[in-house]
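Notes follow the structure.
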Amino acid sequence: MRTILETQRLILRELCPNDFHEVCKLLQDNEVMYAYEGAFNGTEVREWLDRQIKRYAEDKVGLWGAVLKENGELIGQCGITMQPYREQTVPEIGYLIRKNFWHKGYATEAARSCADYASHILGIKRIYSIIRDNNLPSQGVAKRIGMTPGDTIVKHYRGIDMPHIVFSMTLGELTNFGGITRSIRCSEANETSR
């Protein structure tokens, strides 16, 4: 479980197969997963977790576990994934927090740190968040970290056409959100993974 970065209250780290039961607390909650048309079953959770592990290996990014520094509890996920958007692949910040940790600023704190990481560590110039139109809390997080809506698309998922709003921002103009307190640079990460 490699630590990617730390914020004031959180550690964002790679997930591993042993996190399955903790990830179930997140992805099997109907209220948390409403924008995905409901909770995942066990097979879908396993596939989701395997996809993140594959992303770490292939893309060097993915959705990372959001862990409270104070007690080591996994409270959600936040990270950067490569997503299809209008005939291209774009870097997207995604986030999901367990219900009993809502309204405490964790998603915003984690998303800010991912924007800093994308800019200062990965050298990404533009970052996106593609958010379902009925997911107002996630839209609020995107706005709080400086993103603006610029497009709408429809994604087909679980047999349903789901309208999404495409938020984005240019990162090259940013100084620092103050979101990261510690990060592992790509070169250090490559050394530790050998």
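Things to note:
- Cβ pairs under 7 Å, 6+ apart, first in region 80-104 and touching a residue at least 60 places away in the same chain (Cβ under 8 Å), second in a helix (DSSP H, G or I) and aromatic (Phe, Trp, Tyr): 97/106
- Spans of strands (runs of 3 or more DSSP E) in region 19-123 with at least 2 residues modelled with pLDDT under 95, of a type in the set (Val, Ile, Thr) and open to solvent by 70 Å² or more (accessible area, probe 1.4 Å): none
- Whichever residue in region 1-18 is closer than 20 Å to residue 105 by Cα and polar (S, T, N, Q) and, among such residues, is most open to solvent (accessible area, probe 1.4 Å): 8
- Members of region 148-182 that are at pLDDT 95 or above and of a type in the set (S, T, N, Q): 148, 152, 168
The values are calculated or read from the model by the stated rules, or taken from the named source; none is laboratory data. The model shown is predicted, which means the values in this text are computed figures rather than measured ones. Because the Cβ atoms are built from the backbone with ideal geometry, glycine has one as well, and the counts that use them run over all protein chains shown. Heavy atoms of the whole protein, side chains included, go into the accessibility calculation; ligands, DNA and RNA do not. Shrake-Rupley method; radii C 1.70, N 1.55, O 1.52, S 1.80 Å.
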